1. Pick from the stretch 43-92 the residues that are within 19 Å of Leu150 (Cβ to Cβ) and among the basic types (Lys, Arg): which of them is surrounded by the most Cβ atoms within 10 Å (Cβ to Cβ)?
2. Just one of Gly206, Gly162 is assigned to a loop (DSSP other than H, G, I, E, B), under 25 Å from Ser108 (Cβ atoms), in contact with a Pro (Cβ under 8 Å, 6 or more places away or on another chain) and assigned by TED's automatic domain parsing to the domain that holds Thr45; which is it?
3. In the stretch 100-156, what residues are among the aromatic types (Phe, Trp, Tyr) and either under 19 Å from the mean Cα position of the chain (by Cα) or within 16 Å of Asp83 (Cβ to Cβ) (or both)?
4. State the number of residues belonging to the stretch 263-308 that are closer than 30 Å to Val241 by Cα, surrounded by fewer than 21 Cβ atoms within 10 Å (Cβ to Cβ) and out of contact with any Phe, Trp or Tyr (no Cβ under 8 Å at 6 or more places or on another chain).
5. For residues that are within 16 Å of Gln73 (Cα to Cα) and of a type in the set (S, T, N, Q), tally how many sit in the stretch 96-135.
Amino acid sequence: MVLIRFFLMLFAMLPLVAGATDAANSPDGSEACQAELLVEPATNTIFFEKNADEPLPPASMVKLMTAYVVLKQVEDELVDLNDTVTTSAAASKIGGSQVYLKQGEQFSVQEMLEAILVQSANDAAYALAEHIGGSSGGFVEMMRADAKALEMNSSDFQTPHGLPPAKDQSPDLVSARDFAKLSTVLLHKFPQILQYTAMSEKGFRGDTFMMRNHNHLVRSYPGCDGLKTGFYSKAGFCVAVTAQKNNLRMLAILMGCKSRRERDQEAARLLSLGFSKYRPLKLIAKDAPAGQMLKIKNGVEKEVMPLALESLSGMVPIGSEKMIERKYNLCEPPQAPVKAGTPCGSMSFYVGDRKIGEVALFIPNDIAKLGLMGRILRIF
């Protein structure tokens, strides 16, 4: 809960951060999409938004909340990834994108989660919802409770899968900003989700059925490793897409786009816009001095300058090169004698609150133990 509160506090600052962006360099957005948002999730810096607070039908992007509930249950040790999920008659009849579950068929929670995040399987989402929530309705209540805790105030979940509603039902509704909140918490709290969403394809049912990721940017945009697409006619084409380059991650949310092609083109354009705000910079060279001395207990040398174990580069906002700060995590002063090459902690580089890189440090030379007379003389 402490971690969740931290992210909620950061998101409370979103309007302030967004207001600090350079409007002259912001895109107008695509007329083909109803809502868009581009954010750097490590610091919640918003580079562009359009209709970000309008609740819209998200289609299968709903499954990101389904995944969040599942992973949270696993973290709380209420569910195990190896638990067996048995397919009900209702789950076997769910249409749309699916893995064609049969009544009574059994798979692990992890296999069902893979089916949800790779194949966007509606039947797997329904089966997993029944397994964890006791019923689909019970699971939706869990989704709503978690959405409220995350302060997703422009969201109303009705299903665990995001299929279009029947005539007498209300649709799932989520805003682009709420999806940015959810996606950011997923990336920070449950980064293992990228192991699923980065897959281009994955075998299911003993590899007799090949699941294929609907997020084509995983295959076409360098560094793209998530997160989730969605589509039905009234929802349009939607995506929560993220990519990482040189330790820098961008996240784009697009909803209500007219076509898959226009959605993917605009998503790629937004990601590239975000990355264009940064440039690679060499932070430290291999064997370069760290800049802070490490004390040595009872050594011939009282202290030593640690060196960087390897060279390190990072992505920094253009114009902030002189704002880089170093933070040290040195080990406790070691007792002499000390051998050359002994690890002695690490050093991190920051621009504001965003960590842009970390390098291990080592002691560069042997340090002999000070003799008894030397220790006595040092006292005086």
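The values are calculated or read from the model by the stated rules, or taken from the named source; none is laboratory data. Quick caveat: nothing in here was measured; it's all calculated off a predicted structure. With ideal geometry, Cβ positions are generated from the backbone for all residues, glycine too; neighbour counts draw on all protein chains shown.
1. Across the stretch 43-92, the extreme among qualifying residues is Lys63.
2. On the way: Gly206 fails: in contact with a Pro (Cβ under 8 Å, 6 or more places away or on another chain).
From the options Gly206, Gly162, the qualifying one is Gly162.
3. We begin by selecting, within the stretch 100-156, every residue among the aromatic types (Phe, Trp, Tyr); these are 100, 107, 126, 139.
Within the stretch 100-156, Phe107, Phe139 meet the criteria.
4. Qualifying residue count for the region: 10.
5. Number of matching residues: 3.
Residues checked against (1) modelled with pLDDT of 95 or more; (2) outside the structural domain of Val140 (by TED's automatic domain parsing); (3) over 20 Å from Gln158 (Cβ atoms):
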residue	(1), (2), (3)
Val17	no, no, yes
Asp22	no, no, yes
Ser30	no, no, yes
Thr45	no, no, yes
Lys50	yes, no, yes
Met61	yes, no, no
Val79	yes, no, yes
Thr86	yes, no, yes
Ser92	yes, no, yes
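Residues checked against (1) at pLDDT below 95; (2) under 19 Å from Asp366 (Cα atoms); (3) out of contact with any helix residue (DSSP H, G or I) (no Cβ under 9 Å at 6 or more places or on another chain):
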residue: Lys282; (1), (2), (3): yes, no, yes
residue: Ala285; (1), (2), (3): no, no, yes
residue: Leu294; (1), (2), (3): no, yes, yes
residue: Lys302; (1), (2), (3): yes, yes, no
residue: Pro306; (1), (2), (3): no, yes, yes
residue: Leu309; (1), (2), (3): no, yes, yes
residue: Leu312; (1), (2), (3): yes, no, yes
residue: Arg326; (1), (2), (3): no, no, yes
